[in-house]
Amino acid sequence: MWHEARKQERRIRGMLVDYRKRAERRRDFYEKIKADPTQFLQLHGRQCKIHLDPAVAAAADSPAAMMPWQGHADNLIDRFDVRAHLDFIPPVKKADDEEMTYEERQLNYERYRIIAQNSFLGITEEKFLKQLHLEEQFGYTETEPKKKKTGGAAIGFNYEDGTGSSQPAQVSQGNSSDEQSDSDLDVDLSINVSKMDSTQAHEMNRHGRNFGMSTNDFYSFLTNDLEEAENYRLAKEEEHEKALFSGRKSRRERRAHREKRLAN
């Protein structure tokens, strides 16, 4: 009876250890693949008809139901559109002395950050959308520097007389064109703000002013994001070090870590 109880206790202890190790492996796996949630945000639009009946939909889209607005034949509206009762739409005038608040400028930075960044880097919209399509399809991968290929020589051996003749390797032109097309798709969207001089900073702020930001908002907001990312990285490292020194048998390590932190 006692042996059976000991065997059951060892089995339960082994299961607990396995569950703990499995939980640690799962946590490490999710920590490695964890990324910014905004990278997974996708917006998809589809063209659809507002009427389920095909006959009603065709009648609603027919030119007979459309009428020119304010006498302009190139601007057609539905005859039930409320704009048919408007004779004139006054333009919205914004006061010159009205300045945007800090919250509005920060919202514009969050809205148009990627567009302003692409404008500063000179990246076209087609190339950026193609890069996004590749990242959605294959995931984000850091590109490694391509090594320069050296031309080799194919050695042909004649088995009859035992002599060999070296022939230059033929390089196909198709591969070079494919590599050039792939290099066009490889777009580096990161800007190292810490290595920029004043001229580049002024140029970046000039592009940011086209998207609702004033003075040096674009450069300062990018710098703040860089500092927040660095602080987050340091906090994660400190949390990881604390996790390593947890337990009963690590009092000396915790004391040494505390003294090292106070010394710095």
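Brief remarks follow.
- Those helices (runs of 4 or more DSSP H) lying entirely in segment 165-264 with at least 1 residues over 30 Å from residue 104 (Cα atoms) and modelled with pLDDT of 85 or more: 217-244
- Any chance residue 30 is more than 16 Å from the chain's Cα centre (by Cα), part of a helix (DSSP H, G or I) and not β-branched (Val, Ile, Thr): yes
- Restricting 30, 109 to residues that are within 30 Å of residue 244 (Cβ to Cβ) and either loosely packed, with under 10 Cβ neighbours inside 10 Å or touching a residue at least 60 places away in the same chain (Cβ under 8 Å) (or both) narrows the list to 30.
The values are calculated or read from the model by the stated rules, or taken from the named source; none is laboratory data. None of these values were measured; they are calculated from a predicted model. Don't worry about glycine lacking a Cβ; one is built from the backbone with ideal geometry, like all the others, and counts go over all protein chains shown.
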